[in-house]
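A.B. asks: Handing you this structure, nothing more for now.
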Amino acid sequence: MTTASENIVLHVADVSKSFGGLKALSDVDLQVREGTVHAIIGPNGAGKSTLLNVCIGRLKPTTGHVVFNGQTLDQHQPHEINQLGVSRVFQTPEIFADLTLLDNVMIPAFAKRDGAYRFNAMAALSGQADIRTEAEEVLQDIGLLEKSNQIAGSLSRGDKRRLEMAMCLIQKPKLLLLDEPTAGMARHDTNMTIELLKRIKKRGMTKVIIEHDMHVVFSLADRISVLAQGRIIAEGTPEEVRNSPKVKEAYLGEAH
Amino acid sequence: MFGNLSRNDWLLVLGFAIVVLVSPWTLTPFGAGYPALLQKFCIFGIFAMGFNILFGLTGYLSFGHAAFLGVGSYAAVWSFKLFTMNVIPAVIFGVLFAGIFAVVIGFVSLRRSGIYFSILTLAFAQMSYNLAYSVLTPITNGETGLQLTLQDPRIIDNAFITPGEGLPQTDLFGIPMNGYPGFYFCAVALIICFFLTLRIFRSPFGMMLRAIKSNQNRMRYTGFNTRPYLLTAFIISGMYAGLAGSLMAVTDPLAGAERMQWTASGEVVLMTILGGVGTLIGPILGAGVIKYFENIFSSFNDRILEQLFSFLPDAAREVAVWFTGLFVGEGWHLTLGVVFMLIVIFLPGGIMEGLQRIYNRLGGGSGPGAGAPDTAAAQPAE
């Protein structure tokens, strides 16, 4: 385990991303170690979401590479990146709003089991007991099991977020990317989410988390990178970042 | 292949089969109990059901599905002309060629979604229609339409039997496919298609198609390559249309280009929406209702209307006959338009939503109603 923790799961290598004249990311270099929770913080417009979009293949970097588990992701489609083991929770929940919660969680499990495409039109859903059980366990885990037959679109915003997290967790990704998982949540929901994330942390899943809520960041993160105007201005343990004068100036200064 | 369907689904298939097979008796009081109309119900039922696999499950609205219907018809008639009057090869050829055609059109059209996809399919279908009239005349026989002739080689038939006088009839191993045998052949095809559609609706594959309709982006970031899923649905749906087209040729062995016109593509969209998009039975109901009313309303003429309004004084009668005359006979499309508008405005879920509401009103169910159009017919016990 000690050697495993030295493995770099995600390496964002000198990535820049420009939109026309605007440089959203400038030479961002980031290494995420296996089994850690790596938080990315920074003021609005710092390029945090752009960074995640580059990681999942939604955006292609203008220069630089994203390397996942030793594999360069330049030519990969989003679904291929997911099949390699990267799942993402979006800032606005991306769920299957017309389907039931159970369906929402079963679908990613099928992706994990059957790959990017499988023509199983003559198999019966009712015969997929293993996937159903797995989905129910995950729903139980996030406390939404009793709503499993509801249509997902009818959930509250907080529940939608947790559902999306369940959809990612059932895939047991090697790397989970979370874009502000507690934004817009009530205190109670936030605490539930922190508890959930702590429990997952024990399972050794690597996570990159973007978060505004410092309470969440400092109670979860092993390492923190601070992004401002598309550059990483500081990186270190929570203690180091908390005491860095540069960070106070660029980011925490705003809040205090 | 036959396992894993729940007991309710088996009952549904059984019930459906019984309803279809006894329809010559049950529909007689409504003036629809004759084979020419009944087989139309079946053929367009298959067409709409197939269309619904694409539109209802994935949300991709094809506006060119009649092209596959046409290809199916042409392929079937060519099978009659070249090989045999037996309908089985004709149906196989119809489905096969429509499938191949769907691979090509689907591959190109599915590069876009939404309205652009619809326009691409429409363009392809209109292109096929115009080609059938012009450069493809050697294959399609242009305006006259493709027909059987006395000079046809029919190599398989002619190897075994000497051709009789006049044009031969389509047959199923000796049973001529006109009248009721023709209807029963179409009915069996409809029941088989219903069974297959039910399997697709209840399969993980069907679930993925629904998920694509719900949120294609999420599907991609969940690890699915959505394009092949869509293409498969497109091909399946094209093959259903090809089957419908070949059945048209089975019951009446000629094929014309007008079968591919955009109005024919539009009709199947109307049938599906009228019946209930994404429901199992809705499109078949929609097809039946439209074909039934087409038959009833288009047969009305001024003389029948005069009789109908004979109780009115002369002046009022003339007005009444003139006004209702707009909606019947040639003008029955106006009726269809009005009915369609009313349905879309008041019952967006189509006939199936209407039935669900009636069912709920009667205190029968606590189903979610409009939110889950599938529940009404498909899951009676859930």
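Readers should treat all values here as calculations from the given coordinates under stated rules, not as data from a laboratory. Keep in mind that what you see is a predicted model, and the values were worked out from it rather than measured. Counting neighbours? That spans all protein chains shown, and the Cβs are built from the backbone with ideal geometry, glycine included.
A.B. asks: Go ahead and run the numbers for FRET between A:GLN77 and A:ALA13, Cβ-Cβ distance against an R0 of 22 Å, rounding to 0.05. Spell out each step's value before the answer.
C.D. replies: Values: r = 20 Å, r/R0 = 0.92.
Efficiency computed from Cβ-Cβ geometry: 0.65.
A.B. asks: When ranked by the protection proxy of mean other Cβ atoms within 10 Å per residue, highest first, what sequence do the peptides A:26-33, B:330-337 form?
C.D. replies: Numbers: A:26-33: 18.2, B:330-337: 15.5.
The densest-packed peptide leads the list: A:26-33, B:330-337.
A.B. asks: Now a separate question. Counting alpha carbon pairs within less than 8 Å and at least 6 residues apart, what relative contact order, in whole percent, applies to chain B?
C.D. replies: Details: 606 pairs, mean separation 103.1, N = 382.
In percent, rounded to a whole number, it is 27.
A.B. asks: Just to check I understand the Karplus step: with θ = phi - 60° and J = 6.51 cos²θ - 1.76 cosθ + 1.60, what whole-Hz values come out for segment B:142-152, glycine and proline as x?
C.D. replies: Working through the residues one at a time gives x, 5, 5, x, 7, 10, 6, 9, 6, 8, 4 Hz.
A.B. asks: One-quarter of the Cα convex hull surface for the protein assembly as shown, in nm²? Let's see the in-between values first.
C.D. replies: Numbers: hull surface 151.5 nm².
Hull-based average projected area comes out at 37.9 nm².
A.B. asks: Moving on to the next point. How many Cβ atoms of partner chains, on average, are near each residue of A:103-113 if near means within 10 Å of its Cβ?
C.D. replies: Working: counts 4, 5, 0, 3, 12, 7, 1, 8, 8, 2, 1.
Per-residue shielding by partner chains comes out at 5.
A.B. asks: Is segment A:98-172 best put as rounded, prolate or oblate by its Cα gyration tensor, with a ≥ b ≥ c the root eigenvalues, rounded for a/c under 1.5, and otherwise prolate when a/b is larger than b/c, oblate when not? The partial results should precede the final answer.
C.D. replies: On the way: a/c = 1.83, a/b = 1.69, b/c = 1.08.
Prolate is the answer for segment A:98-172, as a/c is 1.5 or above and a/b outweighs b/c.
A.B. asks: Further question on the same structure: Is the shape of segment B:7-262 rounded, prolate or oblate, going by the alpha carbon gyration tensor and its root eigenvalues a ≥ b ≥ c, with a/c under 1.5 for rounded and a/b larger than b/c for prolate?
C.D. replies: Details: a/c = 2.18, a/b = 1.34, b/c = 1.63.
Cα axes put segment B:7-262 in the oblate bin.
A.B. asks: Tell me which chymotrypsin sites (Phe, Trp or Tyr not before Pro) from segment B:1-92 have a DSSP coil assignment and no more than 16 other beta carbons within 10 Å of their own. Walk me through the numbers on the way to the answer.
C.D. replies: Values: sites: B:PHE2, B:TRP10, B:PHE16, B:TRP25, B:PHE30, B:PHE41, B:PHE44, B:PHE47, B:PHE51, B:PHE55, B:TYR60, B:PHE63, B:PHE68, B:TYR74, B:TRP78, B:PHE80, B:PHE83; in loops: B:PHE2, B:TYR60, B:PHE63, B:PHE83.
Hits after loop and neighbour filter: B:PHE2.
A.B. asks: Near A:VAL67, within a Cβ-to-Cβ distance under 15 Å, what is the net charge of the other residues, with Lys and Arg +1 and Asp and Glu -1? Could the numbers behind the result be given before it?
C.D. replies: Working: positive: A:ARG33, A:LYS60, A:LYS174; negative: A:ASP14, A:ASP29, A:GLU34, A:ASP74, A:GLU80.
Counting the neighbours of A:VAL67, the net charge comes to -2.
A.B. asks: Moving on. Just need the relative contact order of segment A:98-172 here, percent rounded to a whole number, with Cα pairs under 8 Å and 6+ apart. Please list the in-between numbers first.
C.D. replies: Details: 68 pairs, mean separation 40.1, N = 75.
Dividing the mean separation by the residue count of segment A:98-172 yields 54 percent.
A.B. asks: Report, by chain and number, residues whose modeled amide H sits under 5 Å from the one on A:THR206, excluding near sequence neighbours (fewer than 5 apart, same chain).
C.D. replies: Under 5 Å from the amide H of A:THR206: A:GLY35, A:LEU176.
A.B. asks: Find the relative contact order for chain A and round it to a whole percent, using C-alpha pairs within less than 8 Å whose residues are 6+ positions apart.
C.D. replies: Numbers: 453 pairs, mean separation 68.2, N = 256.
Reported relative contact order: 27 percent.
A.B. asks: In sequence order, what are the phi-derived ³J(HN,Hα) couplings for segment A:202-207 according to the Karplus relation 6.51 cos²θ - 1.76 cosθ + 1.60 with θ = phi - 60°, rounded to whole Hz, with x for glycine and proline?
C.D. replies: Along segment A:202-207, the couplings run 5, 7, x, 7, 6, 9 Hz.
A.B. asks: Give me the dipole magnitude in Debye, nearest 20, for chain A about the Cα centre, with unit charges on the beta carbon: positive for Lys and Arg, negative for Asp and Glu. Walk me through the numbers before you get to the answer.
C.D. replies: Numbers: 30 positive and 31 negative charges, 19 e Å.
So the magnitude is around 100 debye.
A.B. asks: Sort by residue number and name the cysteines in chain B that have no neighbouring cysteine Cβ under 4.7 Å.
C.D. replies: Result for chain B is B:CYS193, no neighbouring Cys Cβ within the cutoff.
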